[in-house]
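The numbers here are math on the coordinates, done by the rules we state, and not lab data. The structure displayed is predicted, hence computed values, not measured ones. Glycine gets a Cβ as well: all are built from the backbone with ideal geometry, and neighbour counts include every protein chain shown.
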Amino acid sequence: MKNLLALLFIIALAALLLYVAANMPPMGDPDNPTATHVIPRYLEGAEKETHTENVITGIILNYRGYDTMGEVTVIFSALAAVLAVLGRERRGRIHAYVDRSTVPSSVIVRTMVRFLVPLIVLFSVYTILHGEISPGGGFQGGAIIGGSMIVFTTIFGLYESSRRIPQKVRFPLEGSAVVTFFLVGVLGMVGGGNFLTYAWPRVAAGLQPALVTWLTVLVEIGIGLGGAMVLTSILFCMIREEEEIAVVA
Amino acid sequence: MGTALNLVFIALLVATALLAVFARDLLAAVIIFSVYSLIMALMWQRLQAPDLALTEAAVGAGVTTVLFVVTIFKTRRREEEEKE
Amino acid sequence: MAKDIVAGVLCCVGTFFFLLGTTGLLRMPDIFTRLHPSTKCDTLGACSIIIGLAVYSGWSWEMPKLVVIACFLLLSSATCGHAIGRSALRRDIGYWRRKGTEVEDGDGA
């Protein structure tokens, strides 16, 4: 009975959504309500107002910088909460199942990982730094670095990879996303504009395009580094094993 | 042609979502969910949102899958049978 | 014109090998025989599709990127297949036998 009610509710909801979707203006129609107000301004002004070739990055980091800053703060607070729940690892006691697996990884796999992981990190650096002129950016690049750390940890074990990126490196860098964003915002005030002004009024007009580009890249780097470090920390905290946890469970 | 491809993608999305919910084997559910993320990334690319496609492919299909697998590894693989 | 034909043929070959690989993955009885067709998917199938796309894109900046992706796929999927096969072997996952000739090792899962 309960299941039947739920099914009926879902069918009604699906019918309603499909009805609404059928009445939506067609995608890509220039007469869409979304395409008549702010979008033309963004598309026409992004090139000369934000000095970023990728309009998406221009919108996210410049036009809607406040939104993105709030978003980054929320995401990294959530990640910090996850880390607080999992608990940080203690120095010298870190080990995981992958470290004492009955099947040690072979020479072929080790060589390939040692060869490929730097290339993956290189690609993620490209993604972060090119976020300003091509698709990509801090979030994506950070996630790719996290993925490369997952590969490395799976093959070489938690001990090796936590020695490569020790906690005293990760811990200060985890907040770099929010810190960099706020710092760039405050620097905009120091430069004579409002909070999060990239084109500082006190700087000569000829230098402003380069300044805007470099500040955008700086924010991307901060977000990428923070994301990568937080993902790595979460991975390490999730796979590490400690005796206390085993006793409680 | 484009519409047909979109319909195929949407059908696959619905199928993978349902399979991921109903799979008894949680490891299979996680793998199906990563397939779902991959199809979603293709959909984003078709909707001309390459930034989102990159994010979905890296986070959805890459990182979260591994984190789910680690979680399954630490708990149980099978969903508990319903007790009558 | 010739470019389009070569690209189309390469893509068709790639799709054909994907079909074969998927059929084999579903049809084969145990992990080692399944590994055999499924690694063909990545190496031969995906690589010929990517090389077909590289031919189709002609002399542009897309071509070297596609070639790099193909190299990455070749290296990583071959390594993956090796790792899966090796760990299955080391963990004594039993292999398939014709009915009636089963040996005591493993359960043939």
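Values computed for the structure shown
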{"quantity": "Shielding score for A:107-113, defined as the mean number of other chain Cβ atoms within 10 Å", "calculated": "3"}
{"quantity": "Reach of C:Lys3 by Cα under 23 Å, taken over lysines that are not fewer than 8 positions away in the same chain", "calculated": "C:Lys65"}
{"quantity": "Cα centroid separation, the stretch B:34-63 to the stretch A:21-87 (Å)", "calculated": "17"}
{"quantity": "Per-residue average of Cβ from other chains inside 10 Å of B:62-73", "calculated": "5"}
{"quantity": "Calculated [θ] (222 nm, deg cm²/dmol) that DSSP helices of n ≥ 4 give over chain C, each run adding -39,500 (n - 2.57)", "calculated": "-24000 deg cm²/dmol"}
{"quantity": "Point-charge dipole on Cβ atoms (K/R +1, D/E -1) for the stretch A:54-248, about Cα centre, debye to 20", "calculated": "460"}
{"quantity": "Residue exposure sequence - A:Val121, A:Val113 - by fewest surrounding Cβ within 10 Å", "calculated": "A:Val121, A:Val113"}
{"quantity": "Inter-label distance for A:Glu47 and A:Ala21, nm, one decimal - labels placed 7 Å from Cα along Cα-to-Cβ", "calculated": "3.6"}
{"quantity": "Average Cα contact separation per residue, chain A, under 8 Å, 6 or more apart, as relative contact order %", "calculated": "24"}
{"quantity": "Highest to lowest packing among B:23-33, A:135-145, A:197-207, scored as the average C-beta count within 10 Å", "calculated": "A:135-145, B:23-33, A:197-207"}
{"quantity": "For chain C: relative contact order, % (alpha-carbon pairs under 8 angstrom, 6 or more apart)", "calculated": "27"}
{"quantity": "Highest-first arrangement of A:21-30, A:58-67, where packing means the average Cβ count within 10 Å", "calculated": "A:58-67, A:21-30"}
{"quantity": "Average partner coverage of A:144-150, which counts Cβ from other chains inside 10 Å", "calculated": "4"}
